[in-house]
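The values are calculated or read from the model by the stated rules, or taken from the named source; none is laboratory data. Computed from a predicted structure; not experimentally measured. All Cβ positions, even for glycine, are placed from backbone atoms using ideal geometry, and neighbour counts span all protein chains on display. The protein model used for the area step is the full one, side chains on, heavy atoms only, and it has no ligands, DNA or RNA in it. Shrake-Rupley method; radii C 1.70, N 1.55, O 1.52, S 1.80 Å.
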Amino acid sequence: MAIGWYLGVSVIIFCIGLAGVLIRRNPLVILLCLELMLNAANLALIAFARMHGNMDGQVFAIVVMVVAACEVTVGLGMIVAIYRRRLPIDVDELKALNG
Amino acid sequence: MAPVFFFICGIGAIGGAIGVVVLKHPLYSVLSLVFHLLCLAGLFLLLRAEFVAAAQVVVYAGAVMVLYVFVVAYVGGQAEPVGNAGGPGGPAVRALTLGVVTLLLIELLIATLGSGLSAIGEEGAPYTAGFGSPAKLGELFLTDFLLAFEVASFLLLIAAVGAVVLARRRGGVGDPDAEGRISVAQLLSPEGLGTMAESVSGRSGLKDEVR
């Protein structure tokens, strides 16, 4: 398969993830949609690594996975803290920092 | 054979991604994301990134998703109406969002597929032995990308400490609003008076309160 097909799949997944981040209100699902966007970027990186026959893109993809794992741990920690404070788990309700 | 495998994995990955956004209950979204990640690992295999595919399955679809499932089970994910039912904005904001996303999709497709890179329409560079193997990847990590490797490990450490600090249980099992507040009477009264409050809380007085 040509590299262009992989890039097309990557673009579609990225846009689905962006739509999810903008539409959904549960922070858990917003984190999941962020994962979708990071994975789409990973797919593009690995497709370009294959295109050039160079493994630097794969190294970059693994670093992106590390960063995604960090983001997930901190995000889930915040959700648990929100739950402990008996606050609503809904990004529309959590607007104390709203200017 | 490769095109068939590509279309199975590609359609699975896109379907899983749509499922994450569309399904109402967070637990089903997590399971849909696991399916999406497995299909994506298949695509990585087609691109000859064997080690990244294995790491994707083990780390992402295994460990990170288990973390998600635990948090959903703990928080008790409430089913939420997709789209803004009762939130600010409502259907107008949702339509605007979908319009923006569609425009971005078209623009990105033009930018990637119409970029005029001649290599985009080809299969990729000729395969060399060991491409995508753990040995080559480890060698790169320990030579060319040593700084990125060390920074990533440090970042993981900071994230672990941060998660513990964020999710830690503060104080005792009490009313979370009252916790951390000290009344004037507590400051004035000497420690160990044997009041009802001290006996209930199991603490002996002012010093524990302040601490």
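Within segment A:50-60, the residues that satisfy the criterion of being at negative phi, at the interface with chain B (Cβ under 7 Å from one of its Cβ atoms) and not charged (D, E, K, R) are A:51, A:52, A:55, A:58, A:59. In segment A:4-23, the count of residues that are touching a residue at least 40 places away in the same chain (Cβ under 8 Å) and not acidic (Asp, Glu) is one or more. Annotation: of all residues in segment B:87-103 being open to solvent by 50 Å² or more (accessible area, probe 1.4 Å) and within 7 Å of chain A (Cβ to nearest Cβ), the one that is farthest from the chain's Cα centre (by Cα) is B:88.
For segment B:137-154, does any single residue satisfy the condition of being surrounded by 11 or more Cβ atoms within 10 Å (Cβ to Cβ) and touching a residue at least 12 places away in the same chain (Cβ under 8 Å)? Within segment B:137-154, one or more residues are surrounded by 11 or more Cβ atoms within 10 Å (Cβ to Cβ) and touching a residue at least 12 places away in the same chain (Cβ under 8 Å).
Within segment B:43-64, residues that are at the interface with another protein chain (Cβ under 7 Å from one of its Cβ atoms) and β-branched (Val, Ile, Thr) reach partners that are open to solvent by less than 60 Å² (accessible area, probe 1.4 Å) and assigned to a helix (DSSP H, G or I) with beta carbons closer than 6 Å, at six or more positions or on different chains, in the pairs B:52/A:58; B:52/A:61; B:52/B:44; B:64/A:69; B:64/A:72.
Yes or no, residue by residue, for (1) within 16 Å of the chain's Cα centre (by Cα); (2) crowded, with 20+ Cβ neighbours inside 10 Å; (3) not assigned by TED's automatic domain parsing to the domain that holds residue B:11:
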| residue | (1), (2), (3) |
| --- | --- |
| B:37 | yes, yes, no |
| B:47 | no, yes, no |
| B:59 | yes, no, no |
| B:68 | yes, yes, no |
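The number of residues in segment A:57-99 being surrounded by 14 or more Cβ atoms within 10 Å (Cβ to Cβ) and of a type in the set (Asp, Glu) comes to 2.
The set of residues in segment A:1-23 being more than 7 Å from chain B (Cβ to nearest Cβ) and open to solvent by less than 20 Å² (accessible area, probe 1.4 Å) consists of A:10 alone. Residues of segment A:15-45 that are more than 8 Å from the chain's Cα centre (by Cα) and farther than 20 Å from residue B:107 by Cα: A:23, A:24, A:25, A:26, A:27, A:28, A:29, A:30.
Condition first: hydrophobic (A, V, I, L, M, F, W, C), within 14 Å of the chain's Cα centre (by Cα) and over 22 Å from residue B:34 (Cβ atoms). Can you find one or more residues in segment A:61-76 that meet it? Taking every residue of segment A:61-76 in turn, at least one turns out to be hydrophobic (A, V, I, L, M, F, W, C), within 14 Å of the chain's Cα centre (by Cα) and over 22 Å from residue B:34 (Cβ atoms).
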